[in-house]
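The structure appears below as structure tokens.
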Amino acid sequence: MLAATLTASATVITSPSGNLRLNVDVDTSGAPFYTLDYKGKQLVEKSLLGIKSDETDFTQGFAIAGTDTTTVDRSWQPVWGEYSDVRDHFRELAVKLKAANPDREMTVRFRLFDDGLGFRYEFPVQPKNNYQTVRDEVTEFNFADNHNLYCIPGDYDTDEYLWSKTTFTQLPQAMKSYRRHSEAQRADGTSIQTPMLIKTTGDKPVYVNIHEAALKGYPAMLLDVDTAAYDMKTRLVPDRLGVAAYLQLPFNTPWRTLIVSDDARDILASQLIYNLNDPCAIEDTSWIKPQKFVGVWWEMFVGNNRTWAYSNDWLAKPGVTDYSKLESNGHHPANTENVKKYIDFAAKHGIDGVLVEGWNEGWEDWASYRKNRQFLFDKPYPDFDVEELRDYAKEKGVKIIMHHETAANAADYALQLDRAFQYMKDNNYDAVKTGYVGAIIPRSEHHTSQWMVDHVLDVAKRAADYQIMVDSHEAPRPTGLCRTWPNWLAQESARGGEFESMGGNPPSHTCILPFTRLKGGPMDYTPGLFETRLETYGEGKKSQAGSTLVRQLALYLTMPSPLQMACDLPENYERFPDAFKFIEDVPVDWSYSKYLEAEPYEYITVARRDKHSDDWYVGAITDDKARNANIDFSFLPAGVKYEATIYEDAKDADWKTNPQAYKIRKISVTNKTKLKQRLAPGGGVAIRLVPRK
Ligand code: NOJ
Ligand code: CA
């Protein structure tokens, strides 16, 4: 069927090992398309390529004017990550397309790796119009069968959802359970967002992660699904005028990516999205510090009536803007004394940072978030003594992490940014958590439209100028830009640990995130919850985390990030000091990682080598079913004996009924050891391996 549409100019390349085969061509209407085979079988059927602007149609009328192929094999050394050395090995095919009436041209550049494909559109200066008002990208990802899909609904503003495991035909049914947030979530439930994962039907399933890399100057992508044809088409997030991107040519789009393997572990190990990003743009990276932190943050989530705001007076006394005239509400954790306690705790346990939320003026205004709300990023509340805390933290060798909640007033934040960053430097802060809760200002924008994509990257770049590290919340989902800007340590951009206090995250949630959301970059998931029985903030409703205590330890390994919170209250850690020892010990930066077992939505087992010692760590998690992890230690170097400290679920542990039952035991391990380790329902295991002298 396909052969009939092929022309003499058909262009085919294979990946370095030959397991992937890409075919690119134009059909009889001059529409460019591609197909992708995996291990001799067609995986992606004929799928169209191109974009449409008000000015120019870049989707048809094309002929292939020339091609270029090359093979690249190189490696690079990330500032931080799961590996100290990353191989970037691919065959490249650049297809130059030309059309007449009107004259126009674009190049589609493909990079075919052994673990997948990336391609992007490159628009050179055009003979006629170099200003393009883009409304539509037609890029397709078409499949031939009713495969399994792991996805969340298409949305212009949020990705904080639980994941569905469904199929093409069942998708509308699965999407029914979600609350509609934006018009992106089509009423018929056929719109989803990336990253998403496919597992093909059949006895030898193939896993495909679809996402994008190096999203800059362009909106995020969603996928509209034809559930009967098993086809997916790109939809670009528009602004509120319906325009997706305003481009001035020359311009290269972000890469569209497919990570492909019949071994689920390869999807987790893949560095394809980073490989498609530009090298590090920061010359001196010595100030970028992977780290662990604690914070007053969780106090606000555990249902004990703590507030970010300093005062309740504000709304009662409209017009009063002088905080010294307002009274503290008495339950404001970001106060000097309380923050000192966290600094003491961090210093005692070797934790690098203390995050303080609710330290600055503006939180009272939060309640009126429909208005033109404003936070001030250099105005501390009267009970938060910046200088005293600066000196105290310094003396204790701890860094305070600043919080910039913007309530989605990104326009105002951009204006305050230099002042805010200078204020941070003046007070010895070198990391900031940003937030964009609410509807974006300017009103014309969505959280993932072109303007916001640019805003958030601009914040990371300007932070780099001040040698500030960034952890962004409610930002467009990551696409590997942290390779180029490694001061951008982590993002939220998914449903995080905070939801454990708002209904809970089922154990399957953290078994799917590494296959999907994490492919674009690390997540500030906030693991380390020891008290899993909670009350919802402000509502007093009961909530329970979908996890045993031990599983929370394992998350430091299965959810790798250079920025890891120990989220729970110090008093909860003090109840379980022997388990907390693991959080003290576990590194946040690795020289090597090996995925031992994996199945999306069900389980992950991974081994990692510390970047700064010879210690290894192993973490495993399961969904709500008990499971035996089969840990084969052959990844260890031969001839070395290790003392393994195993943090395991007790026999009767269960995330629901007995989450805090754990045991710690020590065994001796070599590269010949094979361990069958039981994980409780919703449980896990965390192991530290230290070479014996
Ligand atoms: C939502 C963020 O995810 C959370 O971490 C933060 O505490 C609140 N917004 C307030 O900024
Ligand atoms: Ca959030």
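Just so it is clear, none of the values below were taken in a lab; they were calculated from the coordinates. Remember, it's a predicted structure, so these values are computed and weren't measured experimentally. Please note: Cβ atoms are built from the backbone with ideal geometry, for glycine as well, and neighbour counts cover all protein chains shown.
Please express the shape of segment 87-150 as an equivalent ellipsoid: the semi-axes are the square roots of 5 times the eigenvalues of the C-alpha gyration tensor, given largest first in whole angstrom.
The answer is 28, 18, 11 Å, longest axis first.
Between GLN544 and GLU283, what length comes free when the chain is fully extended (0.36 nm per residue of separation minus the Cα-Cα distance, one decimal in nm)?
Full extension of this stretch gives 89.4 nm more.
Which peptide among 15-21, 379-385 comes first, and what is the full order, when sorted by highest mean count of other Cβ atoms within 10 Å?
379-385, 15-21
Taking only the Cα atoms of segment 184-249, how large is their convex hull per residue, in Å³?
So the per-residue Cα hull volume is 117 Å³.
For the chain, what's the relative contact order in percent, using C-alpha pairs closer than 8 Å and at least 6 residues apart?
Here the relative contact order equals 11 percent.
What's the angle, to the nearest 10 degrees (0 to 90), between helix 386-396's Cα axis and the longest principal axis of the chain?
Roughly 90 degrees, rounded to the nearest 10.
Taking a label point 7 Å from the Cα of VAL640 along the Cα→Cβ vector, which residues of segment 606-629 have an amide N closer than 13 Å to it?
Residues passing the 13 Å test: 608-617.
Nothing charged except the Cβ atoms of Lys and Arg (+1) and of Asp and Glu (-1): what's the magnitude of the dipole of segment 392-431 about its Cα centre? Round to the nearest 20 debye.
200
Roughly how many Å is it from the Cα centre of segment 109-149 to that of segment 605-660, as a whole number?
40
Pulled fully out, how much extra length does the chain show between ARG74 and LYS348, if you take 0.36 nm times their separation in residues and subtract their Cα-Cα distance?
Gain in length upon complete extension: 94.3 nm.
In whole Å, largest first, what are the principal axis extents of the Cα atoms in the chain?
Result for the chain: principal-axis Cα extents of 75, 68, 49 Å.
Assuming R0 = 25 Å, can you tell me the calculated FRET efficiency for the pair GLU337 and ASN428, based on Cβ-Cβ distance, to the nearest 0.05?
Values: r = 19 Å, r/R0 = 0.78.
Once rounded, the FRET efficiency stands at 0.80.
Determine, for each peptide in 198-205, 401-408, 675-682, 517-524, the mean count of other beta carbons within 10 angstrom over its residues, then list the peptides with the highest first. Write down the numbers at each step before the final one.
Working: 198-205: 14.6, 401-408: 24.1, 675-682: 20.4, 517-524: 25.9.
Result, highest mean Cβ count within 10 Å first: 517-524, 401-408, 675-682, 198-205.
State the percent of C-alpha pairs, over all pairs in segment 467-510, separated by a distance greater than 17 angstrom.
44
Highest first, please rank the peptides 172-178, 157-163, 620-626 by the mean number of other Cβ atoms sitting within 10 Å of their residues.
Highest-to-lowest ranking by the protection proxy: 620-626, 157-163, 172-178.
Using 20 Å as the cut-off for backbone N distance, which residues of segment 662-680 belong to the label zone defined by a point 7 Å from the Cα of VAL690 along Cα→Cβ?
It comes to 663-671, nothing else.
Given points 7 Å out from each Cα along the Cα-Cβ axis, report the LEU376 to SER84 separation in nanometres with one decimal.
So the label points at LEU376 and SER84 sit 4.8 nm apart.
How far is helix 549-558 tilted off the main Cα axis of the chain, in degrees rounded to 10, range 0 to 90?
Taking the Cα atoms of the chain, the angle to 549-558 is about 40 degrees.
Excluding residues fewer than 8 places away in the same chain, name every one of the lysines whose C-alpha is closer than 24 Å to that of LYS341.
Cα-Cα hits under 24 Å: LYS289, LYS292, LYS379, LYS394, LYS396, LYS399, LYS425, LYS433, LYS581.
Between LYS325 and LYS651, what is the spin-label point distance in nm, taking each point 7 Å from the Cα along the Cα→C-beta axis?
With each label point 7 Å from Cα toward Cβ, the separation is 6.8 nm.
Calculated FRET efficiency, GLU584 and ASP632, Cβ-Cβ r, R0 22 Å, to nearest 0.05? Could the numbers behind the result be given before it?
On the way: r = 28 Å, r/R0 = 1.25.
So, using R0 = 22 Å, E works out to roughly 0.20.
Taking the 0 to 90 degree range and rounding to the nearest ten, how far is the long axis of helix 336-349 tilted relative to the main principal axis of the chain, both from C-alpha atoms?
70
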